[in-house]
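The values are calculated or read from the model by the stated rules, or taken from the named source; none is laboratory data. This one's a predicted model, so the numbers in the text were calculated from it and none came from an experiment. Here Cβ is always computed from backbone atoms with ideal geometry, including for glycine, and neighbour counts include all displayed protein chains.
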Amino acid sequence: MRFQLLVLLAALTAAPSAAAQVSVAPIRDLAFGPVIVGIPSTVGPNHPTRSGQFRITAPVGSKVQIRLTLPGQLAGPAGAQLPISFSSNDAIAVGGWPGATPNTFNPKATRNLQFTGGTIYNVFVGGTVSPAANQRQGNYAATITLTLTNF
Amino acid sequence: MRTLRLLRLSLAAALTLPAVAVAQGVLVAPHAVVIDHRTRSGSLSLYNPGDQPTEVSLSTFFGYPVTDSSGNFDLRTVERPGANMPSAAEWLEAFPKRMVLQPKERQTVRLLARPPQALPDGEYWARLVVSAKAGSVPVSGVDSSSGITVGLNLEVRTVLPLQYRKGSVATSVRASRLTAGVEGDSLAVRLHLVRQGTAAYIGTVRGALADPSGRTVATFSSPVAVYYDVDPRFTAPLPAGTLPPGPYRLRVEVTTEREDLAPETLIAARPVRDSLELHLP
């Protein structure tokens, strides 16, 4: 009994190796800037300040899958909605190591990333909002979720 | 080429600019959990590296890796696993399940298993989901003329494998249908892998392409997880310039080594090798 408790205690207090950590963090919101009613507004994934950005860290050699859950509408005041769309080249993944090549991909599809030369991947997301000519004034919001799966 | 350079410059600028929103992700360790039936418990360490409180929740489900028609790994989820599926998702619990991690705060989550009595020896699987979101919704994109503000909040979710082992378990893999061909500037390799034994096969596939003189001209290495069977696709970048035409030999090795996982969590098995001769035009 005492042995089992010690084993349990050891398991609970053992500090995991730094090399075995994974994290995914949203770094920057997808920001559309001034939105003019009746005119679609697009932000490309390679925009230096307005694209959405996630940062993924994982051990060298690991392979992960990323899946973006994207909204089709932004919810606004009194049930008003504002359409948002994502094209097939609205996402870019790039390793954080020297010589890593940016890969453009469809944000609606899953993507496998392998950490071959370092521990960081950055994922950038763009999109297009299309306010109607009579779009109701107010705040519109929605959520993009990035799911990181380890195999 | 010019487009790629522009893309690189834009991304370099993006990476060096200060982040507008504060990162509210959570760091999770380890990224694969193994629980032994003798202790029936494990742990997960969570850390909030940001400077905003982060809401974190944990849940479990049953799923296992498969490959799609292109050879990419995907996760097959089973909402209601039948009795023939080795699911541990229903009898695993995390304590606490929900928490708010303050900036720079660390939290140990206990994973406790309550398996059914008379559970047969073997390995049982589950997936742990760690969801994190910030306490407030950032709003950006203000236009004073139209009065419309647009904000897209970013949330993150990490899905980790969990293996629960009872008694003696073993694994191995059978490799077949090795094929390869040049696609663009890479060698694309496909391989059919079928797991043998009573536990998932967690390992690495390595490949090397040798020219007619026996010199290695391209290599690849990729982690694999074979729970039932998979048909993964691997790519090995070919050297710049044209390789001389002729017979080349591709050698592939599958081992239970993983660069990113602690050796004590892996079940050792004999390496499996296969090879193929291919003619490069």
Per the filter on the stretch A:100-122, residues among the hydroxyl-bearing types (Ser, Thr, Tyr), more than 17 Å from the chain's Cα centre (by Cα) and surrounded by 15 or more Cβ atoms within 10 Å (Cβ to Cβ) are A:THR116
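Taking the condition of being within 12 Å of chain B (Cβ to nearest Cβ) and either modelled with pLDDT under 95 or under 16 Å from B:GLY151 (Cα atoms) (or both), how many residues in the stretch A:82-94 meet it?
4
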Residues of the stretch A:28-64 being crowded, with 21+ Cβ neighbours inside 10 Å, without any contact (Cβ under 8 Å) to a residue 60 or more places away in the chain and not charged (D, E, K, R), in sequence order, are A:ALA31
Quick count over the stretch B:242-266, residues being surrounded by 15 or more Cβ atoms within 10 Å (Cβ to Cβ) and without any contact (Cβ under 8 Å) to a residue 24 or more places away in the chain, is 0
The number of residues in the stretch B:64-100 that are part of a strand (DSSP E or B) and surrounded by 15 or more Cβ atoms within 10 Å (Cβ to Cβ) is 11
Would you confirm whether any residue within the stretch B:25-45 is part of a loop (DSSP other than H, G, I, E, B), more than 22 Å from B:ILE202 (Cα to Cα) and in contact with a strand residue (DSSP E or B) (Cβ under 7 Å, 6 or more places away or on another chain)?
-> yes
**Condition met for B:ARG195 (modelled with pLDDT of 95 or more, among the charged types (D, E, K, R) and in contact with a Pro (Cβ under 9 Å, 6 or more places away or on another chain))** = no
Note on the stretch A:72-86: residues touching a residue at least 24 places away in the same chain (Cβ under 8 Å) and either small (Gly, Ala, Ser) or in contact with a Cys (Cβ under 6 Å, 6 or more places away or on another chain) (or both) are A:ALA75, A:GLY76, A:ALA78, A:ALA80, A:SER85
A:VAL125: passes all of (1) surrounded by 21 or more Cβ atoms within 10 Å (Cβ to Cβ); (2) away from chain B (no Cβ under 11 Å); (3) of a type in the set (A, V, I, L, M, F, W, C) but (2)
Picking from A:ALA142, A:ALA133, A:ALA78, the residue that is in a loop (DSSP other than H, G, I, E, B) and either more than 13 Å from the chain's Cα centre (by Cα) or facing chain B (nearest Cβ under 10 Å) (or both) would be A:ALA133
Within the stretch A:100-118, restricting to residues that are more than 9 Å from every other protein chain (Cβ to nearest Cβ) and part of a strand (DSSP E or B), the one that is farthest from B:PHE234 (Cα to Cα) is A:PHE105
Residue hits (the stretch A:81-99; farther than 19 Å from B:THR235 by Cα, buried (at least 18 other Cβ atoms within 10 Å of the Cβ) and within 19 Å of the chain's Cα centre (by Cα)) are A:ILE84, A:PHE86, A:ASP90, A:ALA91, A:ILE92
Being crowded, with 20+ Cβ neighbours inside 10 Å, of a type in the set (Asp, Glu) and either modelled with pLDDT of 95 or more or part of a loop (DSSP other than H, G, I, E, B) (or both) is the requirement here; does B:GLU123 meet it? yes
